[in-house]
Structures are given as structure tokens and as C-alpha cells.
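To start, the structure itself, in C-alpha cells.
The values are calculated or read from the model by the stated rules, or taken from the named source; none is laboratory data. These numbers come from a predicted model, not from an experiment. When we count neighbours, we look across all protein chains shown, and the Cβ atoms used for this are built from the backbone with ideal geometry, even at glycine. Remember, those area values only see protein heavy atoms, side chains included, never the ligands or the DNA or RNA. Shrake-Rupley method; radii C 1.70, N 1.55, O 1.52, S 1.80 Å.
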Amino acid sequence: MSVRQVGGLTAEPGSVVKGYLGGVSLGSGMQVRIPAVVVNGRRDGPVLVVVTGVHGPEVAPMAATVAAVRSAASEDLAGCFIAVTVANPLAVQLGEYTTPLDDKNLSGPLYYPGNPAGSPTERMAAAISQALERASVVLDMHSNGVPSIPFAILNRSLARDQKTLDDADRYAGAFGVTPIDWERDQPTNIAGSSMVRGIPAMTVELTANVHIIPEVVEMGKRGILNVMKEMGVLAGRPEPQALPRLKGDFVFYGMLRASGAGFLFIKKTAGEKIRKGEVVAEIIDHFGDVREEIAMPITGYLWAYRVTSSRSHIINEGDEIAFIFRDRRDPL
Ligand SMILES: [Zn+2]
């Protein structure tokens, strides 16, 4: 039976400890504190660390994680579940992707151990690293607006060794959403930073951002509990998700960019197979004229349409409007 020490939090065997991992003091006297829950089992076993709230508008995974905490807290765990539920409280409070104090993205190569003497965002990353350093498996959970599909980004090329790679694939399978590889030379986020250290990790993307939709919360919660089952922390076998996974060997391809400006009229939805040259979306301007028909550059899929710099589906010239991925078995 192990006592778990996570930053300043101490969790005895069979206890649930709620507290803060540290944070940033503001000049007004406000304290920005990063909440965490440690659900420590009575029996020894591996440690799952789930981080949510790295990006402010992505509320659905935060809700899914607190739902998973509530469920796990009533179970007899063999191991430990550490949830960092609101990783960037300032960004979450204001619905921003970056930290308003230094305009930095907490989704960066800022971890293990990070820089506790750095900028506000770097200090928050260092505080979160106290949890990550305890992890056997890491889930960094994010979300997209609608329409989008649920999926898990894997940075397979960053895996320290074959076991890390195989385990990451296995846990993505257990979570139960479509795995999509994103080839990287170096880590750009929490999951990649974990993979290079030999900790199986993925970036999960759910299908709602600012709204808390019951089916999306259930999917995220089930995925977290499924990973805990696959790890042996929870008893039982992973349960299938309500939405089946896409079949294929998927890899991120690139962004779809608009040249016209106006309103986004979607012709093809997320997860639908789209042939090269097919019209994905029309941009129609404020007079009702079609400014652009945006064609698919390859045969592939979109995982989500983006919320643009206007924070909506109003499209500005040059905006990236969607994420493209492809099946490696299809010709480019
Ligand atoms: Zn995100």
C-alpha cells in the first residue's frame, strides 16, 4: 500500500485528496491555483494522470473528468487516478486558448519538469509536471466544436521504445475513439513530452467544447474508466463507446485554409470520407455571393471544422477552417 505524494498533496491508501498543485500569484491579490484530485487505491498499482483545461474553451473534457473522478472515488482501485481538472484556470475563466498574462499556450513542450522560475504559463506547467512525473499513463484531454469526431492523437514517432508505442496504441484502443497518428520530430505538448520519456500518452479530443452535453461527458468518462480497466487500476473490461471508431490507419495531413471571406457553409461533415477535388465548404459573403468553393486537396477526412479567429464560423481571408487526416492505405 503506497502513500501518494503529488506536489503538496498527500494521499493515504484508500483516500481521495482534493487540493491544489500550485499556481501563480497576481498583483491584485488574486491567486490562480490549479485544482487536482488524487484518488488513491487501497491496493498498489499503476497511476493514471488525466489533464484537462489546458485550453479555456474546452469545457466538455473537464466535465467528463470530474464525472470520472466521482465514479472512481466510489470504487476499490488497484493503483491511483490523478486528475488535474482545470490546468489553466485563467484561460478557462476567460474562455481563451492561451494564458492572458503572457499569451503562452499551456499546450507546449513545457513539462518534465518545466520551469518553475519561468513565465506564468511555464510556472503552471511546472506545477502540473508534479502530477505527470507520477504517471504510468497520461491522457491530455481536449475538444473541438461541432461538427467534429471524437479521436485520440498519438505521437507514435516520439515513443521512447516499442513498448511505449504498443502501450499507447493499446490504451487508445481501450479509450474507444478513432486513433490518429500525428508525426512529430519533437514533443509539442503533454502527450508528446510523455512519450519521449517512455510514458504511454495520448491527446484525446472530444466533440463539444463550450457546452456540457451528456453524451459527450459519458464518452469521455467511459474512455477514462476504460483506460483504468486496461491498466488494471479498475476491475472489469473496457466497454465499447456508443459511437463506433472509424476503420483505417489514420495520420494527420494538414490544415484546410480559406482564401475567401464570409460565412462558412459546410458541405461535408467531420468523419465523412471525401474524395480529392470534392467541395468541402462554400464561403458565402455578406451579400449572399459565393466567394469560394473550398475543395479537398487529397482523398481523406476532416476531424473538425475550426472556430476561427472570429471565434465562430465567420471566415476571414487566410483562416484555417478544418483539420485534414487521411488513411495511409489511400493514395495521396
Ligand atoms: Zn485543446
Item to check | Solvent-accessible ranking of Y20, Y111, largest area first, probe 1.4 Å | outcome: Y20, Y111
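Just add up the charged neighbours of H142: K/R +1, D/E -1, any other residue whose Cβ is under 11 Å from the Cβ of H142. Could you put the intermediate results ahead of the total?
Working: positive: none; negative: E58, D140, E205.
With Lys, Arg at +1 and Asp, Glu at -1, the net is -3.
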Next on the checklist: Using protein chains only and a probe of 1.4 angstrom, how many square angstrom of S259 are accessible, to the nearest 10?
Outcome noted: 80
Checklist entry - Which residues in segment 45-63 have a backbone N closer than 19 Å to a point placed 7 Å from the Cα of A242 along the Cα-to-Cβ line? => result 59-63
Item to check | Relative contact order computed over the chain (Cα-Cα under 8 Å; 6+ residues apart), in percent | outcome: 15
Next on the checklist: Just to confirm a number: summing +1 for Lys and Arg and -1 for Asp and Glu over residues other than N115 whose beta-carbon lies under 11 angstrom from that of N115, what do you get?
Outcome noted: 0
Checklist entry - Normalised by the residues of segment 86-171, what does the relative contact order come to in percent, with Cα pairs under 8 Å and at least six apart? => result 16
Item to check | Accessible area per residue in Å² at 1.4 Å probe, computed on segment 26-106 | outcome: 37
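Quick check: net charge around V6, other residues with Cβ under 15 Å of its Cβ, Lys/Arg +1 and Asp/Glu -1? Don't skip to the end; give the middle numbers.
Values: positive: R4, K18, R33, R134; negative: E12, E133.
Neighbourhood net charge equals +2.
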Checklist outcome for this item: Probe 1.4 Å, all chains present, heavy atoms only: D76 accessible area in Å², nearest 10, is 80
Next on the checklist: Give me the mean projected area, in nm² to one decimal, of the convex hull enclosing the Cα positions of segment 83-198.
Outcome noted: 7.6
Next on the checklist: Can you bin every Cα-Cα distance in the chain into 20 Å intervals starting at zero and give me the percent of pairs per bin, rounded to whole numbers?
Outcome noted: 32, 56, 12, 0
Item to check | Heavy-atom accessible area ranking, 1.4 Å probe, most first, across F323, F265, F81, F287 | outcome: F287, F265, F323, F81
Next on the checklist: For the chain, take the longest principal axis of its alpha carbons; what is the angle in degrees between that and the long axis of helix 214-231, to the nearest 10 within 0 to 90?
Outcome noted: 50
Checklist entry - What is the spin-label model distance, in nm, from K163 to T269 if the labels are put 7 Å beyond Cα along the C-beta direction? => result 4.3
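Find the accessible area per residue for segment 117-262; the probe is 1.4 Å, ligands and nucleic acids are left out, and the unit is Å².
Numbers: 5680 Å² over 146 residues.
Here the per-residue accessible area is 39 Å².
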Next on the checklist: Ordering F252, F263 by accessible area with a probe of 1.4 Å, largest first, what comes out?
Outcome noted: F263, F252
Checklist entry - Modelled label-to-label distance, D289 and I212, 7 Å Cα→beta-carbon offset: nm? => result 4.6
Checklist entry - With all protein chains present, how much of the accessible area of the chain (probe radius 1.4 Å) comes from carbon and sulfur, to the nearest whole percent? => result 50
Item to check | Solvent-accessible area of K104 with every protein chain in place, 1.4 Å probe, in Å² to the nearest 10 | outcome: 80
